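What follows draws every value from the coordinates through simple rules; no lab data is involved. Keep in mind that this is a model prediction, so the values were computed, not measured. Cβ placement follows ideal geometry from the backbone for every residue including glycine, while neighbour counts extend to all protein chains displayed.
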Amino acid sequence: MSIIQKSMSPRAWGELFLLSLIWGAVFLAVRLALDEVGVWTSIAHRVFWAALLLWAVVWWRAEPVPRGIAVWAAFAGMGVLNNLIPFFFLNWAQLHIESGLTAILNAGTAVFGVLVAALFLADERLTLRKMAGVLIGFLGVATAIGLDALRQFDPRSTAQLAAVAATISYAFAGVWARKFMSGLTPLVSAAGMLTMSALVAVPVAWVVDGPFTFALSPLTLVALFYYAVIATAGAYLLYYRVLAAAGSGNLLIGTLIIPPIAITLGALVLHESLPPRAFAGFGLIALGLLVLDGRLIRKIPAFATKAPESDGRI
């Protein structure tokens, strides 16, 4: 996975931290909503309202709406890989494991992304450094889950594996976007993807969880509003702004910020406590991400004398 690094202004740092804070808090919001709504209902609310809001922004900016069948088929595939599968696995996992642990396992997305990209994209070569980062990241995921979970399949161990499955789906979504969604603006891509997700999630939620109702507690309504409007629609808009200002390499820093935020909120609000292996696993995942990022390697004297690549990619 090519990683673009840029120097960051104070404003870019602030926006990156804000994005990490928004996505770190989404694990708490989802868990709070699941106390009163079903897994599929929570997904339906998230993608439906976010899609409406993003199309409103598309209309306001007067961006062209794609009409070809192939484009909407690409949106459908992206919706399945980037929304429906990971949202289902992560939401279901949070019924059985801590929100902080879910966030830790979700941090492995970039690790799996590098491996999947190397398998399916010709220009994403798996270098020695990337292999080292992937292996360290895998070790971190295995450590966070624990060996006992790999020997038994109770709801908790299954939920941890479901969270890992979500990260693998995200990795395939990255490849899908590269192959089938090039040439589209990020805003239209996000709106189209969420629309196709909603077309599946809304009827499935109606059948599985029952008819929708807004006779919910204020806390649940706030949680639904947060992760649909702020953590999905708003976060997509902020994400592409941060990507343009900071580069994909610096976005890995956000990946390292999200789990501590989720862990802190889970402890303060839900009174969660994680086993020591979860923190050890996160440390290894973080190390793997830093190796993938490359800047850690360049701090080592043996590598510091090597000339940087001319296009800023590693």
Response to the item:
With only helices counted (DSSP H, runs n ≥ 4, each -39500 (n - 2.57)), the per-residue ellipticity at 222 nm for the chain, to the nearest 500, works out to -24000 deg cm²/dmol
Discussion item. Here are labelled values, [x] 43, 24, 14; [y] 30, 25, 18; [z] 26, 23, 20, and one is the computed semi-axes √(5λ) of the Cα gyration tensor in Å for what I pasted. Which one?
Written reply: [y]
Worksheet, complete the sentence: Once the dipole of the stretch 10-304 is set up from charges on Cβ (+1 Lys and Arg, -1 Asp and Glu), the residue from the list THR109, LEU53, PHE120 lying farthest towards its positive end is PHE120
Worksheet, complete the sentence: By the mean-Cβ-within-10 Å protection proxy, highest first, 218-228, 204-214 rank as 218-228, 204-214
